[in-house]
1. Which residues, counting only those in the stretch 229-245, are of a type in the set (A, V, I, L, M), closer than 22 Å to Gly126 by Cα, in contact (Cβ under 8 Å) with a residue 60 or more places away in the chain and in a strand (DSSP E or B)?
2. Ser226 fails exactly one of the following numbered conditions: (1) in a strand (DSSP E or B); (2) open to solvent by 20 Å² or more (accessible area, probe 1.4 Å); (3) of a type outside the set (A, V, I, L, M, F, W, C). What is the number of that condition?
3. Just give me the residues in the stretch 119-165 being within 22 Å of Asp200 (Cβ to Cβ) and assigned to a loop (DSSP other than H, G, I, E, B), in sequence order.
4. Please go through the stretch 270-303 and give me each residue that is of a type outside the set (A, V, I, L, M), surrounded by fewer than 18 Cβ atoms within 10 Å (Cβ to Cβ) and assigned to a strand (DSSP E or B), ordered by number.
5. Does at least one position in the stretch 255-269 carry a residue that is crowded, with 19+ Cβ neighbours inside 10 Å, of a type in the set (Gly, Ala, Ser) and assigned to a strand (DSSP E or B)?
Amino acid sequence: MSIVVVDGGMDSEGNPHSSWHYLAAACSDGAVRLFIIDESEKKILLLAESFYHQRCVLKLQTFTHQPASGSQVVFLCSAATDGRIALWNISGIIETAKAADIRQERTRQPLELGSPCLVFVAHQCGVNGLDVRSLDDGRFLLASGGDDNAVRIWVICITPRAGSDSPLSPSSSERQEVAGSGSREDRGDEAAEDSRGWSDLGVVADGWSLDGGLALRVLKGPGAESAHAAHVTGLRFLSSRLLVSASIDQRLSHWALSSRCLTLIHSRWCQVADIAELESWEGHPAGTHLFALCGDGLQVLKSWQTGTDGLAPETDSTDARGPR
């Protein structure tokens, strides 16, 4: 089971239900479920669900897109044991919940989540690792890791439906993105060069949001077919140029990412067996990253950037081993 906070990137200004939080859950009975947690009432309500996948759902991720005109759009990515990834526009469901006082409907049945905007095959079997990072201008990097030991990169392009034929253009904010500790000019040149490369990828799937206003396109980026010796169970973007993966083979690997290739920087052995999840956050000083690996125990590792693409080997920060 996987649970993600849906409203992490949502605009809460003017929301009459400021105590509400939205959670999405991937369930082993084949359902994708959306819950409301009412902090003031201390209640959990099942808002909507879908059994579209018809098999065990393994992983979820969420992201928000702000069109040039119109309100913010919330998307949900779900991945199942058949290796397929589905993209859902759940903005309508959330707006329905905000407009009605559904807490008073004691016998209310959950809403239908509807059909996904698009679905594509990402791996030969189950997908246990997902992460999303914004590239701005309606483009998002999606990393997936599967039970086939592979790590693959995809680009999600979102545009107004009338302009879906040219979804990619280098963005000014992406060209200024800080990918490492080099000079500002060096970082800008490298990011701009990488940005142009993302437009030369092959199209995997096309779709559109249920309201018909947005066109979606998934492009196939680089990948590593034998990234690990066992199932990949965790992925995290550190920047648009750096990716970290974890696997049941008890290795934490760092990858240099470009539009052309995914290159291994270094890999280290971890003490936690049966790694089930990976989380990361930035530390202090700038360029420091902390990683939490959980499975048969818990281990926290630390690394730091040495340049625009490289990281120094991790050091153990905390090691709390579980019972055997």
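1. Kept after step one, since they are of a type in the set (A, V, I, L, M), are these residues of the stretch 229-245: 229-230, 232, 235, 238, 242-244.
Pick out the ones that are also closer than 22 Å to Gly126 by Cα and you get 229-230, 232, 235, 243-244.
Restricting the remaining residues to those that are in contact (Cβ under 8 Å) with a residue 60 or more places away in the chain gives 229-230, 232, 235, 243.
Selection gives Val232, Leu235, Leu243.
2. (1)
3. Kept after step one, since they are within 22 Å of Asp200 (Cβ to Cβ), are these residues of the stretch 119-165: 120-122, 132-144, 150-159, 163-165.
Residues satisfying the conditions are Ala122, Asp137, Gly138, Ala150, Ser164, Asp165.
4. Going residue by residue through the stretch 270-303, those that are of a type outside the set (A, V, I, L, M) are 270-271, 274, 277, 279-285, 287-289, 291, 294-297, 299, 302-303.
Narrowing further to those that are surrounded by fewer than 18 Cβ atoms within 10 Å (Cβ to Cβ): 271, 274, 277, 279, 281-285, 288, 296, 302.
Asp274, Glu277, Glu279, Trp281, Glu282, Thr288, Asp296, Lys302 - these are the residues of the stretch 270-303 that are of a type outside the set (A, V, I, L, M), surrounded by fewer than 18 Cβ atoms within 10 Å (Cβ to Cβ) and assigned to a strand (DSSP E or B).
5. no
The values are calculated or read from the model by the stated rules, or taken from the named source; none is laboratory data. Every value quoted in this text rests on a predicted model; they were computed, and no experiment measured them. Because the Cβ atoms are built from the backbone with ideal geometry, glycine has one as well, and the counts that use them run over all protein chains shown. Ligands, DNA and RNA are stripped out before the accessible areas are found, and what is left, the full protein with its side chains, is counted by its heavy atoms. Shrake-Rupley method; radii C 1.70, N 1.55, O 1.52, S 1.80 Å.
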